[in-house]
Structures are given as C-alpha cells and as structure tokens.
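**Q** The structure is given below, and queries will be raised subsequently.
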Amino acid sequence: MKINYWLGFLVILSSLNFTSFAQEQYRTKKLFNNDWKFSLEADSSSILPSYNDKDWRTLNLPHDWSIEGEFKAENPSGTHGAFLPGGIGWYRNNIEIKSINKDLNYAIHFDGVYLNSDVWINGTHLGFYPNGYLGFTYDLTPYLKEGNNTITVRVDHSKLPSGRWYTGSGIYRNVWIETYHKVAVAENGTFVTTPEVSEKKASVKVKTELLNTYAKHQKVSLVSSIVDQNGKEVASQTQSFKMGKETTSESLFDIEKPNLWSPDFPNLYQLVTEVKIKGKTVDTYNTTFGIRELEWIPNKGIYLNGQPILMKGLSNHQDAGPVGVAVPQDVWHRRLTMLKEMGCNALRTAHHPFAPEFYAMCDSMGFMVMDEAFDGWWKPKAEFDFGIYFEDYWKQHLESFVKRDRNHPSIVIWSVGNEVPKFTNEEQEKLVTELKKHDTTRPVSQGRGYKGTFIDIAGFNGHGEMRNVLEDYHKQHPDQLIIGTEITHTLQTRGIYRTKTWYRTKDNPAPWEKPSQFKSLEPKVYKIPDLSEEEVFTGISKKYQSSYDNSIVRIGVRDDWNRVEEMDYYVGNFRWTGFDYLGESFNWPARTANFGIIDLAGFPKDHYYLYQSLWSDKPMVHLLPHWTHTGKEGVEIPMVAYTNCEEAELFLNGKSLGKKAMDKTHQIVWLVPYEVGSIKVIAYTDGKKMAEKKYYSASEAKAIDIQVDKLTLEANSSDVAHCEINIVDENGHFVPNADNELFFKVEGAGQLLASENGDILDMSSSKHSLTRKAFNGKCLLMVQPSKEKGVIKVTVSGKGLTPKTIKINCNKSVL
Ligand code: GAL
C-alpha cells in the first residue's frame with residue numbers, strides 16, 4: 001500500500017496547499033519555528049522589546065532542552081525523567097508586520113509547550129498555560145503594531161519530577177502565526193459526524209461555529225462543500241443568515257457510494273467551509289474527516305463499518321529516543337511505517353494528547369487511536385504533575401482536547417485517565433459527562449478505569465494480565481466490553497537472550513525474581529516453560545532482558561493473544577509499549593526500562609516479529625537468536641521461529657533439521673547444538689515456500705555498513721535522514737555483539753541531529769555527540785539539512801573498522 005502520510009497533515013495545517021478548492025485571502029496559517037533566540041539564564045527583563053538578546057543561542061523549533069542536557073544521577077527528574085535536567089528557559093522572536101489590516105484578526109498558536117508557559121508581546125503578558133500537552137492560542141490583534149513585535153516565552157520546568165515519564169522541556173511542538181477575517185469559522189469550530197453509513201450511502205452532519213468580531217451584525221452566506229480524496233466536490237450546501245457575535249449552523253449531506261475509512265483503506269474527505277459577505281469569500285476553512293461507522297456491542301466487540309475489528313494496539317509515550325519530545329515529522333513517519341508493517345492497527349496516546357501531526361498521520365496511514373486526556377486527576381501522581389492544576393483547568397482542557405481532535409476518523413476511543421489513584425465514581429462521572437458534551441460518537445474508556453460505572457469500555461492495565469481477572473469481571477458485567485489498555489507488559493533488550501524464564505513479580509521498582517514473594521502470585525501468573533535446564537547465556541547485566549518471549553511481568557504476548565482470540569468481549573489490547581521511551585528507568589544508571597518491542601533507536605527487537613506473526617497477514621518468518629555464539633560449540637541453542645505460515649523448516653549449514661507445524665504456542669522451537677556456519681529457516685503454507693531468514697556466524701568486526709532511509713532532503717526544512725549503522729565482519733556478515741566505539745563526521749549541507757544505539761545503560765549525550773558505541777552491532781544517526789542546498793557527507797569510522805561514507809542530497813527549499 002502506498003502511504004500518503006502527509007496529505008492529512010498538510011490539509012489541516014496549511015490551507016495554502018488547497019488553493020484549488022477555494023481562493024485563500026484572509027485566513028493564513030504560517031509556521032513560526034525558525035530563528036528563535038533561547039537562553040537558560042535570562043530573567044524577566046527579556047520581556048521588553050528593547051532587551052538585547054544577541055548573546056542568546058539561535059535555534060529552530062521544535063526544541064527540547066532536556067534532551068540536550070547531560071544524564072546525571074543527581075538531576076531531580078530521577079528515574080521518572082531519565083535523569084535529564086529541567087530548568088527555566090526563555091525564548092524570543094520577532095513578528096514583522098508591514099501593515100495591519102483592520103478586517104483581520106491575528107493570533108499566535110502553540111501546539112505544545114512543556115511546561116508552565118508565560119507569553120508576552122511587546123512586554124504585555126498574554127497568558128499562562130500550565131498544561132504541557134495541549135495547544136493554546138493568544139489573540140494578538142489588540143497588541144500588534146506595524147513594524148517589529150517581540151514575542152517572549154518563559155517556560156518554567158524548574159520543579160521536577162513533573163511526570164512519571166520523560167517529559168522534555170521547552171517549545172517542543174510547532175508554533176503558528178494565524179490571520180483570519182473578523183467574520184470567520186471559530187478555532188476548531190467545525191464538527192463532522194457520520195450518523196448513518198453504508199456502502200451505498202452515508203449521511204454527513206456538519207456543525208459550524210462562526211464568530212463575528214465586528215461591532216455590527218453581518219449578513220453571511222456559509223458554503224459547506226465536501227471534497228473527496230481526488231479533489232472532486234461530491235456535495236455542497238449554502239445557508240444565508242444574519243449573525244451577531246456568534247452563531248452555530250448545522251447541515252446534513254448525503255454522499256452516494258462513500259469511500260469508507262478503515263485502517264486498511266484510510267480514505268479521507270475534506271470539508272471546505274467558506275464564509276461569504278456580499279458574495280465575497282472572507283474565510284475558507286478546511287477540515288479533514290473520514291466516513292466510517294463505529295459500534296461497540298456487548299458480547300460481540302467493536303465493529304467498524306459493520307465488520308468486527310480487534311485492537312492490535314500499542315501504548316506509546318510521545319518521545320522518540322534521542323530527539324526527546326521535539327519529534328520531526330519524518331521521525332514519526334519512520335516509526336509509524338514500522339508499526340504498519342508489523343500489522344499494528346491501533347495506538348494509545350499514553351497518557352496525554354499528542355502533537356496534531358500524529359493524528360493526521362494516523363488518519364492517512366490507517367491507525368485507530370485511543371486518545372487519552374490525562375494520567376491522574378485531582379491528586380498528582382508525580383510530585384509536580386498536572387494534578388497540581390487539575391481542579392482549576394480540567395474542564396477547560398478536556399473541552400479543548402475533544403474539540404481539537406474530534407474530527408479525526410482515526411480516533412475511535414476517548415480515554416479520560418490512567419491508573420487514577422482511588423478515584424471515585426463521582427469523579428469519573430464528572431469527566432465523562434463533560435467529555436460527552438462535546439462528542440458522543442465514540443466510546444469512553446480509562447486505563448484501569450473498570451471500577452467506575454461511567455465508562456463505555458472497561459479498560460484493564462497490568463492487573464488484567466492475571467489469570468481469571470477478565471473472565472470474573474465479565475461474569476459480573478456481561479454487558480461491558482473489555483479492552484487491554486496496557487496489556488501485555490513484557491521486557492526485552494535488543495540482541496540479549498536468556499533461556500530461563502524470568503518474572504517480574506511486583507510493580508515499581510521491579511525486583512529480580514524473589515521466590516518467596518512469587519509463591520502467592522504463582523497461580524495468578526501465566527507460566528512459560530524454560531527453554532533449557534541450565535541457563536545457556538550467562539554473565540549478562542541484570543538490567544538487560546531476554547528477547548525470547550520469556551521476560552514476563554504476568555503474561556506473555558502469546559498467551560494474551562490467545563485470550564483476545566478466544567473471548568468475544570475482550571476486544572484487543574494496547575501493549576505496554578511499542579517503542580522504548582525515556583524515563584521510568586527504575587534505577588541509575590539506566591534511561592528506560594525496556595518495555596518497548598522497538599528500541600530507542602527504532603531498531604526492532606524480536607518481539608516486533610512475534611507481533612508481526614500474530615497481527616499481519618503478509619507471509620513472514622523470523623528466527624532468533626542470531627548464530628554467532630563463539631565458545632559455545634556443541635551447546636544446544638534454542639532456535640525459535642515466529643511465522644504466520646503453517647509450518648517452518650530449519651537448516652543448519654544446509655542440512656534440514658526438520659519441518660514443524662505452527663500451533664497455539666505461536667512459536668516453533670528447535671534445540672540446535674552450536675556449530676559455526678549458517679542457519680536458515682523457511683516457512684511454508686500449503687507446502688509452498690512463503691518466506692525465509694538466514695544468519696551467519698560472524699567473525700571479528702571489520703567494517704561499517706550504512707543504510708539510509710532518505711537520500712534526498714529539502715534544504716532549510718525539518719526533514720530527517722535516518723542512517724542505520726551495522727557492524728560487519730570481513731565477509732559482510734552482521735556482528736551481533738559488536739560494541740565498537742564509532743566516530744561520526746557530518747560535512748557539507750547538513751548536520752547531525754542525534755545518535756542512538758538503543759542501549760538503556762548508555763548515559764552518553766544523545767544530541768550532537770560525534771562519538772558513540774555500537775550496541776549489539778547497531779547504531780543510528782539522524783541527519784538534518786542546513787539552510788543551503790548541496791550535499792551532506794556522512795562518514796562513520798571506528799578503530800580497526802573500514803570506515804564508510806555516504807552522501808545525501810539537499811535540494812532547494814520549495815518554501
Ligand atoms: C502502568 C502505568 C504506565 C507505566 C507502566 C509500567 O502501571 O500506567 O504508565 O508506568 O505501568 O509498567
């Protein structure tokens with residue numbers, strides 16, 4: 001499938017790209033990301049336009065200053081925040097206005113600032129916003145003057161920990177300057193729903209809020225048109241009325257033979273809303289939406305467009321390893337593409353709203369989203385988290401959250417919270433009732449919120465991984481569907497294996513298995529047999545976890561997926577987590593706890609392929625572990641295959657070790673005495689070869705191989721090329737345990753954005769560092785273009801290794 005991931009994003013964020021639909025004149029939305037000044041040492045004198053910021057650093061947004069800092073045991077973010085620093089950051093920039101148009105309103109919009117931001121224009125305070133995960137807008141109209149206008153932003157992240165995970169610090173999402181006519185669609189002022197949907201016909205209901213900031217009434221025509229993905233108008237309606245300060249209008253459209261939205265066919269439509277005064281278009285506002293029918297039926301499950309659908313889902317935090325929370329769009333795209341290829345169809349935004357572009361990509365790439373508003377509520381869960389402000393802001397923020405996101409077809413479940421300590425039914429009722437004032441078309445859930453009676457789908461976290469918990473709940477609540485909001489938790493480190501099963505018997509902090517404590521839990525945990533009597537792989541740091549499916553909190557991936565397939569009321573799950581995330585690292589020195597099935601660098605662990613075998617229909621086979629076990633000659637290595645085919649056959653140095661059929665254990669195991677050479681697995685369905693994978697025993701590390709995902713970037717943009725480094729031997733075979741120190745040189749028309757090896761114990765700086773060790777044979781470089789077009793030359797070297805240079809072209813910016 002060709003994925004047009006940018007379509008939704010551009011449509012939403014830049015109406016300029018849709019001039020073919022209507023002439024834009026008054027409404028503009030321009031990125032205001034470049035050439036900001038930044039200081040961690042300034043004070044309030046910098047709010048004045050006359051302040052001299054020439055010694056401040058110049059940077060482009062999005063920016064996260066925590067990830068630029070050093071990992072230090074004494075940083076107060078502690079285990080929660082990956083031991084990275086906070087502080088108080090100041091940003092300044094200028095808006096040049098040639099002439100002020102009296103028919104326009106001007107605004108500045110921040111997609112997200114972490115945390116506690118104050119904004120001034122020309123020394124006048126515009127406002128304070130404590131929530132680091134939602135966007136906010138300030139009207140600049142009363143304050144703007146012709147010429148230079150100074151914007152100053154103070155970001156106060158001095159009190160830590162402010163979250164139970166890595167939060168980042170700074171203006172870490174996009175900033176926009178917007179203009180719109182005095183009579184215009186309100187911010188997030190359209191709401192599109194699809195009350196009736198079939199393959200033959202769909203009805204599309206549109207609610208539009210208009211604002212008039214003139215002193216007088218206005219006679220207005222509102223033209224609402226629906227445009228399909230090919231740019232063809234499929235319906236249009238005009239309403240004319242006289243309006244005062246504000247008005248809301250509704251219209252209903254019939255669309256014949258609609259192209260329905262689903263994860264497999266993420267078809268999108270545009271609602272183009274034009275406001276006309278005396279025949280002249282004064283506003284054009286675009287809304288991306290999809291036509292789909294969503295039902296949640298007791299005892300049956302979730303139905304999309306009349307078909308049952310399981311949530312093959314992952315929970316994720318918003319950080320992307322070495323870039324922290326300032327995540328360029330290409331980084332999101334690389335990540336979501338990997339998940340799509342794995343067969344994942346659903347994502348949960350743990351535990352707060354994500355950046356707008358994330359949802360636009362989910363719309364156009366085809367992911368269902370469980371969109372989460374909060375972690376805890378009135379009582380902070382981390383000492384300085386949003387709980388401090390909850391009482392004053394929850395209502396307003398819940399409203400802006402739902403209004404921001406409710407047109408995304410990808411969002412199929414709202415979540416009002418996660419593991420809220422000792423919440424009451426009244427509290428849950430308040431939140432759900434408030435949310436449903438703004439949208440009733442989606443079910444509401446809550447991470448471990450099953451004890452309240454106001455949610456529509458019972459969300460279970462880790463507790464739901466224990467034996468009989470879901471079954472018992474279902475007996476008592478037969479009319480409620482169950483979703484695993486955080487199931488399964490397992491841990492694994494890329495390239496690390498242990499043959500004896502390990503259980504984490506208690507939540508944070510995770511102790512190593514303690515038999516006495518384990519006794520009472522034993523009957524409740526799904527046990528997984530050891531792969532060998534004696535441990536085959538010894539001497540590994542206890543902080544690294546095994547990548548066989550045998551490093552378990554309470555249930556393994558395979559047992560849990562059997563439950564999803566067997567129980568109609570269990571509609572799927574959001575695994576904890578898709579990607580390793582910074583923070584929650586249990587103890588110094590570690591940056592993360594290894595819950596992801598993909599590491600911090602974005603390299604898949606073996607569990608990625610396990611899920612692929614369960615979730616994807618495209619024939620695949622994966623084999624683990626690697627085949628370089630120097631010193632273990634003759635020792636039986638458990639070789640495990642994951643496949644969605646019927647059977648698999650293993651070959652050692654070309655000799656078949658037998659075919660075996662796949663069963664409900666979802667893995668095929670051979671015990672193979674180690675000998676140097678090659679090992680290969682072939683998967684078959686109906687006796688036909690469908691897929692294969694082969695590994696070689698590697699000798700000493702001798703050279704560097706680099707694979708790049710993008711060979712052409714656009715100059716002066718936030719494009720990112722991901723350079724995946726593999727250490728290889730003299731025959732070009734991957735060396736799975738190589739940890740050579742690598743040196744990076746980035747010359748010409750670009751710079752190093754970040755490097756990452758996925759090692760949770762590597763506490764060296766992620767950003768701009770020109771050296772880093774490989775971890776289990778791999779390392780990643782992220783490279784960004786500079787302002788000018790030209791060629792970026794990336795060279796990676798290491799002692800005793802043949803270096804490698806690659807070239808990336810930077811084309812002229814089209815902006
Ligand atoms: C859950 C929590 C998640 C994460 C996870 C780690 O209890 O909701 O945010 O902390 O545990 O196991």
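The values are calculated or read from the model by the stated rules, or taken from the named source; none is laboratory data. Only a predicted model underlies this, so the values are computations on that prediction, with no experimental measurement involved. Cβ sites come from the backbone with ideal geometry, for glycine too, and all protein chains shown count toward neighbours. Side chains are part of the model used for accessible areas, which takes the heavy atoms of the whole protein and leaves out ligands, DNA and RNA. Shrake-Rupley method; radii C 1.70, N 1.55, O 1.52, S 1.80 Å.
**Q** Please calculate the 1.4 Å probe accessible area of Phe358, with all protein chains present, and give it to the nearest 10 Å².
**A** 10
**Q** Using a Förster distance of 35 angstrom, determine the FRET efficiency expected from the C-beta separation of Val669 and Lys205, and round it to 0.05.
**A** Efficiency, rounded to the nearest 0.05: 0.05.
**Q** Oh, and also: Around Gly449, which amide H atoms from residues at least 5 apart in sequence, or from another chain, sit under 5 Å from its own amide H, with H modelled in the peptide plane?
**A** Sorted by chain and number, the residues that satisfy this are Gly459.
**Q** Residues in the stretch 84-127 near a label at Lys278, defined as backbone nitrogen under 14 Å from the 7 Å Cα→Cβ point?
**A** In the stretch 84-127, the label zone of Lys278 (backbone N under 14 Å from the point 7 Å along Cα→Cβ) covers 103.
**Q** Between Tyr393 and Ser656, take the C-beta separation as r, use R0 = 51 Å, and let me know the FRET efficiency to the nearest 0.05. Can you show the working numbers first?
**A** Details: r = 65 Å, r/R0 = 1.27.
After rounding, the FRET efficiency stands at 0.20.
**Q** Related question: With θ set to phi - 60° and the Karplus curve 6.51 cos²θ - 1.76 cosθ + 1.60, what are the ³J(HN,Hα) couplings of the stretch 667-673 in order, to the nearest whole Hz, using x for Gly and Pro?
**A** So the J values, rounded to whole Hz, are 8, 10, 10, 10, 9, 10, x.
**Q** Quick check: from the Cα gyration tensor, does the stretch 404-497 come out rounded (a/c under 1.5), prolate or oblate?
**A** Details: a/c = 2.01, a/b = 1.36, b/c = 1.48.
It is oblate, given that a/c is not under 1.5 and a/b is not larger than b/c.
**Q** Cα centroids of the stretch 366-435 and the stretch 214-249: how far apart, whole angstrom?
**A** Each part's Cα centre sits 32 Å from the other's.
**Q** Still on this structure, please answer the following. Residue separation times 0.36 nm, minus the C-alpha to C-alpha distance between Glu41 and Lys500: what's the value?
**A** Working: separation 459, 0.36 × 459 = 165.24 nm, distance 5.17 nm.
Full extension of this stretch gives 160.1 nm more.
**Q** Quick one: net charge of Glu256's neighbours, Cβ under 10 Å, K/R +1, D/E -1?
**A** Numbers: positive: Lys200, Lys201, Lys257; negative: Asp254.
For residues surrounding Glu256, the net value is +2.
**Q** Evaluate the distance, in nm, between pseudo-label points positioned 7 Å from the Cα of Thr248 and of Ser532 along their respective Cα→Cβ axes.
**A** So the label points at Thr248 and Ser532 sit 6.6 nm apart.
**Q** How much accessible surface area, in Å² rounded to 10, belongs to the heavy atoms of Ser99 with a 1.4 Å probe?
**A** We get 80 Å² for Ser99.
**Q** Could you do me a favour and compute the accessible area per residue for the stretch 627-731, 1.4 Å probe, result in Å²? If you can, show how the numbers build up before the last one.
**A** Values: 4780 Å² over 105 residues.
Accessible surface, normalised per residue, equals 45 Å².
**Q** Ordering Phe586, Phe128, Phe354 by accessible area with a probe of 1.4 Å, largest first, what comes out?
**A** Working: Phe586 50, Phe128 70, Phe354 5 Å².
Order by accessible area, largest first: Phe128, Phe586, Phe354.
**Q** While we're looking at this one, here's another question. Using a 1.4 angstrom probe on heavy atoms only, work out the carbon and sulfur share of the accessible area of the stretch 643-774 in %.
**A** Values: 2900 of 5870 Å².
The nonpolar share, carbon plus sulfur, comes to 49 percent.
**Q** To the nearest 20 debye, what is the magnitude of the charge dipole of the stretch 427-559 about its Cα centre, counting +1 on the Cβ of each Lys and Arg and -1 on the Cβ of each Asp and Glu? It would help to have the intermediate numbers written out before the result.
**A** On the way: 21 positive and 19 negative charges, 66 e Å.
Once rounded to the nearest 20, the dipole reads 320 debye.
**Q** A further question follows. Can you give the FRET efficiency for Trp588 and Asn52, using 1/(1 + (r/R0)^6), R0 = 30 Å, r = Cβ-Cβ distance, to the nearest 0.05?
**A** Details: r = 40 Å, r/R0 = 1.34.
Given R0 = 30 Å and the Cβ-Cβ separation, E is 0.15.
**Q** Heads up, I need the accessible area for Tyr609: 1.4 angstrom probe, whole protein in place, Å², nearest 10.
**A** 50
**Q** Students sometimes get this wrong: rank Lys312, Lys242 by accessible area, probe 1.4 Å, all chains present, largest first.
**A** On the way: Lys312 50, Lys242 140 Å².
Ranked from most to least accessible, the order is Lys242, Lys312.
**Q** Output the DSSP H helices from the chain with an along-axis C-alpha extent of no less than 18 Å and a mean Kyte-Doolittle hydropathy no less than -1.0.
**A** Numbers: long enough: 329-342 (20 Å, -0.90); 390-405 (22 Å, -1.40); 425-438 (20 Å, -1.77).
TM-like helix candidates: 329-342.
**Q** What is the stretch 399-546's relative contact order, in percent, from Cα pairs under 8 angstrom and six or more apart in sequence?
**A** On the way: 185 pairs, mean separation 27.4, N = 148.
Relative contact order for the stretch 399-546 comes out at 19 percent.
**Q** Where only protein heavy atoms count, and the probe is 1.4 Å, what is the accessible area per residue for the stretch 128-274 in Å²?
**A** Numbers: 6180 Å² over 147 residues.
Ligands and nucleic acids excluded, the figure is 42 Å² per residue.
**Q** Follow-up. Could you check the simple spin-label distance between Ile706 and Thr433, using points 7 Å along Cα→Cβ, in nm with one decimal?
**A** It works out to 6.1 nm between the two label points.
**Q** Cβ neighbours within 10 Å, averaged per peptide: list 269-275, 740-746 in order, most packed at the top.
**A** Details: 269-275: 23.0, 740-746: 17.9.
Put in order of decreasing packing, that is 269-275, 740-746.
**Q** Can you give the convex hull volume per residue for the Cα atoms of the stretch 638-793, as a whole number of Å³?
**A** Working: hull volume 25.6 nm³, N = 156.
Once divided by residue count, the hull of the stretch 638-793 is 164 Å³.
**Q** Ordering Leu59, Leu711 by accessible area with a probe of 1.4 Å, largest first, what comes out?
**A** Working: Leu59 15, Leu711 100 Å².
The most accessible residue leads, giving Leu711, Leu59.
**Q** Where does the charge balance sit around Leu294 when Lys and Arg score +1, Asp and Glu -1, over other residues with C-beta under 13 Å from its C-beta? Can you show the working numbers first?
**A** Values: positive: Arg292, Arg406, Arg442; negative: Glu196, Glu293, Glu295, Asp439, Asp456.
Local charge sum for Leu294: -2.
**Q** Each label point is 7 Å from the Cα along the Cα-to-Cβ direction; what then is the distance between the points at Lys618 and His125, in nm?
**A** Taking the simple label geometry, Lys618 and His125 are separated by 5.4 nm.
**Q** Classify the stretch 293-409 from the C-alpha gyration tensor, please: rounded if a/c falls under 1.5, else prolate or oblate depending on whether a/b exceeds b/c. Write down the numbers at each step before the final one.
**A** Numbers: a/c = 1.97, a/b = 1.25, b/c = 1.58.
The shape class here is oblate.
**Q** How much of the accessible area of the stretch 259-407, probe 1.4 Å, is carbon plus sulfur, in whole percent?
**A** Numbers: 2080 of 4210 Å².
Carbon and sulfur: 49 percent of the exposed surface of the stretch 259-407.
**Q** Counting heavy atoms of the protein chains only and a 1.4 Å probe, report the per residue accessible area for the stretch 280-344 as a whole number of Å². Don't skip to the end; give the middle numbers.
**A** Values: 1760 Å² over 65 residues.
I get 27 Å² per residue for the stretch 280-344.
**Q** Quick one: grab the alpha carbon gyration tensor of the chain, order the square roots of its eigenvalues as a ≥ b ≥ c, and give me rounded if a/c is under 1.5, else prolate or oblate depending on whether a/b is larger than b/c.
**A** On the way: a/c = 1.70, a/b = 1.39, b/c = 1.23.
Prolate, because a/c is 1.5 or more and a/b exceeds b/c.
**Q** Right, another one. Could you name the aspartates and glutamates in cross-link range of Lys200, using Cα to Cα under 17 Å and dropping any fewer than eight places away on the same chain?
**A** Cα-Cα hits under 17 Å: Asp228, Asp254, Glu256, Glu293.
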